[in-house]
1. Can you say whether A:Ser246 is within 23 Å of the chain's Cα centre (by Cα), closer than 21 Å to A:Ala9 by Cα, hydroxyl-bearing (Ser, Thr, Tyr) and surrounded by 15 or more Cβ atoms within 10 Å (Cβ to Cβ), as far as the supplied structure shows?
2. Limited to segment B:1-50, what total is found for residues that are within 20 Å of the chain's Cα centre (by Cα) and either modelled with pLDDT of 90 or more or among the acidic types (Asp, Glu) (or both)?
3. Just one of (1) modelled with pLDDT of 95 or more; (2) surrounded by fewer than 23 Cβ atoms within 10 Å (Cβ to Cβ); (3) assigned to a loop (DSSP other than H, G, I, E, B) trips up A:Glu159, so point out which.
4. Mind listing whichever residues of segment A:342-359 are over 23 Å from A:Ile118 (Cβ atoms) and surrounded by fewer than 22 Cβ atoms within 10 Å (Cβ to Cβ)?
5. Being part of a strand (DSSP E or B) and closer than 15 Å to A:Ile150 by Cα is the filter here; which residues of segment A:280-309 pass it?
6. Which number in (1) surrounded by 24 or more Cβ atoms within 10 Å (Cβ to Cβ); (2) over 23 Å from the mean Cα position of the chain (by Cα); (3) in a loop (DSSP other than H, G, I, E, B); (4) not acidic (Asp, Glu) marks the one condition that A:Ile321 misses?
7. Would you pick out the residues in segment A:341-380 that are β-branched (Val, Ile, Thr), outside any loop (DSSP other than H, G, I, E, B) and within 14 Å of another protein chain (Cβ to nearest Cβ)?
Amino acid sequence: MSVYLDNAATSFPKPKAVIEASGRVLESVGASPGRGAHKHAREATAIVAGCRRKAAAILGVKDPDRVVFTKNATESINLVLKGWLRPGDRVLFSAMEHNSVMRPLTKLASRGVNIEMIPCSIDGTLDLGIFKRMLLSDVRLVVLVHVSNINGTLMPIAEAAEMCARAKVPLFLDAAQSAGLQPIEAEEMGIGMLACSGHKALLGPAGVGILYVRPDLEVLPLMEGGTGTHSEELEQPEFCPDRYESGTPNLPGLAGLSEGISYVLETGMNRIRDHEIGLAHYLENELSKIPGVRVFKPETRGSGTVSFIVEGINPADTGNILDQAFDIAVRTGLHCAPLAHQTLGTFPEGTVRVSPGFSTTMENAEYFLQGLRWIVTRRG
Amino acid sequence: MNPGAYWKEGRMNTVEELDNSVTPASVGIYDRGGKKIEQTQWVIRESPVTLYLNDREIVTLLCAGHHLDELAAGFFYAEGFIVSPDDILGIDIDEEAGKVNLSAKGEASVTERLWQKRTISSGCAKGSLFYFSLDALLSKPVKSDIRITPGQIIDRVEDLNRLSETYRRTHGVHNTALADPDKVILFREDIGRHNAVDMIVGHVFLHGIPLRDKMLITTGRLTSEMLIKAAKVNIPVVVSRNTATSLAVELAGSLGITLIGHARAGKFTVYNGQERIDVGISG
């Protein structure tokens, strides 16, 4: 049996419709969307527009033009942080952030932006009390991860968004792990900016990221270039999404993402979430029963991602054995989130991360547990 | 010390085994000017021996060809294929064909899949010191209260040197001994230092000899494999008259093993675990 338990990195397998849509673009469409008036180009443009409508729908954004496509969530995050923050600005971020946030923030700190961490509890939950106090003085931006990529902790985003709204500070939500799993009503919640991946719970191929920017927020683009619109002007268009979408977009990726979002909407986000979180609860409980295994449970779970260690064995070794002896794919180490691992007390070796997807079965979960029990028993 | 006393107890190589380990060879010895002396010299025997587990071929070792039951048991135990002496149903040795089949209870297919599989680092965290997955799984820090005086260490190394008749005759073997602070308990020699250690491991495994209060003395280099083998069977002190490698020193630190090299001419170097060196009562 081959078991893939690394859906927090990227979902696999993709729905058949996703594979077919991407393949069809490469085979039969093959044009650059928004560029040219021939039939192929028109079809390509329609595919992108359709994907944009679906992305807007699933993120709770009324106007699809406020949804921007990038190459990944990291690009979306860089765009916002570097296009919004200026030297002297104060930005707050949680102690569970990914390097996609921390590395651009660290770079900005070297350019005079003041970065301040909001502490989280040992399971990764945001400390709302301290957060409230930190919001009292001048804050230009708050960056929060919605769901932890390490242990699936769900952040109290509704409360945080309300506090940000009262303080008139834009909230920038990193929804890389939550988009497609957690209901998101970006406009209704008053979220300022939102970044997410297309290839995780939205089930699209890698190579597409999504960004939402509230109309009142003046975020500068990361780059300028051809958009297929207002080509007579040398200045970058000011309207969304063209302002942020320079260069030929990833049409096969967008065609696949469009089908991925359809799959989520048709299957039902609740059903997918219940399946993955149900498996996570089962895995957590069973792992907790194995002597020498320590599970890092979240207080409130937002995804199926489970993190644990086997005492005395480097997580990388546990992952290697699961892969080599049992053909089970898990992710080990720091998961590009060293700050979050410091919060959980698992730095520098990190954890073994198991992230089931919608196609993961109970039989797969049992097989994984058998493999892990073998490791623990053999370790003695 | 009289090595013969140990042989009589059946815990050392017997004289017959020593005779089987060496063979005469007619050689010509030349000097720079081309002057030649015809001579007969002893050379160490080298034989390929293939180890089978439940009739499945696992590995072929080049060895001196003796103590094959211990070699097989030690190899399969140290490599994680068998866990307890009770697992062993029988060891069939065909010396002529160079085959040893160890019949064992239990399922070793998972271990077989893992054996010799290189660990792969993702570069996303502080990685493993081990380069084989099975070693990472089976090597645990050694906990031991053993204390040894410098004099005892030097005496046991000298015991090892005295015990190897074959080395004196051929200069072609590695010697390994298991000792407690006061005496050598077991001595084995082979063309490969790993084989000699596997024989020791096999013997103590088959006879249920506890190792937490023992030291392993070898003539070979102190490499990571030696440390890993010691950790797998809970030997707290490893000594050699040879030198240690960087990875061996690093592993000794993480596995809690006292690592001693350059043990010769009345001196030794402690790379790790000096707390086990008892200088208070050293004579």
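1. no
2. Counting residues in segment B:1-50 that are within 20 Å of the chain's Cα centre (by Cα) and either modelled with pLDDT of 90 or more or among the acidic types (Asp, Glu) (or both) gives 5.
3. Failing condition for A:Glu159: (3).
4. Residues satisfying the conditions are A:Glu349, A:Ser359.
5. A:Arg294, A:Val295, A:Arg301, A:Val306, A:Ser307, A:Phe308, A:Ile309
6. Result: A:Ile321 fails condition (3) only.
7. A:Thr351, A:Val352, A:Ile375, A:Val376, A:Thr377 - these are the residues of segment A:341-380 that are β-branched (Val, Ile, Thr), outside any loop (DSSP other than H, G, I, E, B) and within 14 Å of another protein chain (Cβ to nearest Cβ).
Residue-wise test of (1) of a type in the set (Val, Ile, Thr); (2) surrounded by fewer than 17 Cβ atoms within 10 Å (Cβ to Cβ).
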residue	(1), (2)
B:Phe81	no, no
B:Ile91	yes, no
B:Ala97	no, yes
B:Val100	yes, no
B:Glu107	no, yes
B:Thr111	yes, no
B:Gln116	no, yes
B:Cys124	no, no
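The values are calculated or read from the model by the stated rules, or taken from the named source; none is laboratory data. All values derive from a computational prediction rather than experimental measurement. When we count neighbours, we look across all protein chains shown, and the Cβ atoms used for this are built from the backbone with ideal geometry, even at glycine.
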